[in-house]
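*Asks:* Pasting a structure below so you can have a look.
A short reminder: the numbers here are calculations on the coordinates, not readings from a lab. Here the structure is a predicted model, which means the values were calculated and not measured. Don't worry about glycine lacking a Cβ; one is built from the backbone with ideal geometry, like all the others, and counts go over all protein chains shown.
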Amino acid sequence: MNSYKIIKYPIITEKAVRLMEYENKLIFIVNKTSTKKEVKDAVENMFKVKVKNVTTTILPDGKKKAYIKLPLETPAIDIATKLGLM
């Protein structure tokens, strides 16, 4: 599947910024049918970074949220800056 069909859009809230700063995580809304492996591969392809871990949850409105944990040598703030979020 195309990376841009898996990753829909980033979440930028106060909590998301706090997770970026303290836990080196990014949060995205992703395609509901995509797996953690597909999300990991899509993020690695789109941003040319290694992904340490992916955690997903289904929200009450039916959307799927993915928490992307990055290794310490790749700051999440840098990716957010490339996306124009910071």
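*Asks:* Please go through the stretch 41-86 and pick out each residue that is within 15 Å of Ile12 (Cα to Cα), among the small types (Gly, Ala, Ser) and surrounded by 12 or more Cβ atoms within 10 Å (Cβ to Cβ).
*Replies:* Residues satisfying the conditions are Ala66, Ala76, Ala80.
To keep it simple, each residue is scored yes or no on (1) aliphatic (A, V, I, L, M); (2) in contact (Cβ under 8 Å) with a residue 12 or more places away in the chain; (3) in contact with an Asp or Glu (Cβ under 7 Å, 6 or more places away or on another chain).
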residue	(1), (2), (3)
Phe28	no, yes, no
Thr33	no, no, no
Asp41	no, yes, no
Val49	yes, yes, no
Thr56	no, yes, no
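*Asks:* Can you say whether Glu38 is exposed (fewer than 15 other Cβ atoms within 10 Å of the Cβ), out of contact with any Gly (no Cβ under 8 Å at 6 or more places or on another chain) and farther than 16 Å from Lys15 by Cβ, as far as the supplied structure shows?
*Replies:* On the way: exposed (fewer than 15 other Cβ atoms within 10 Å of the Cβ): no; out of contact with any Gly (no Cβ under 8 Å at 6 or more places or on another chain): yes; farther than 16 Å from Lys15 by Cβ: yes.
Judged against the criteria, Glu38 is not a match.
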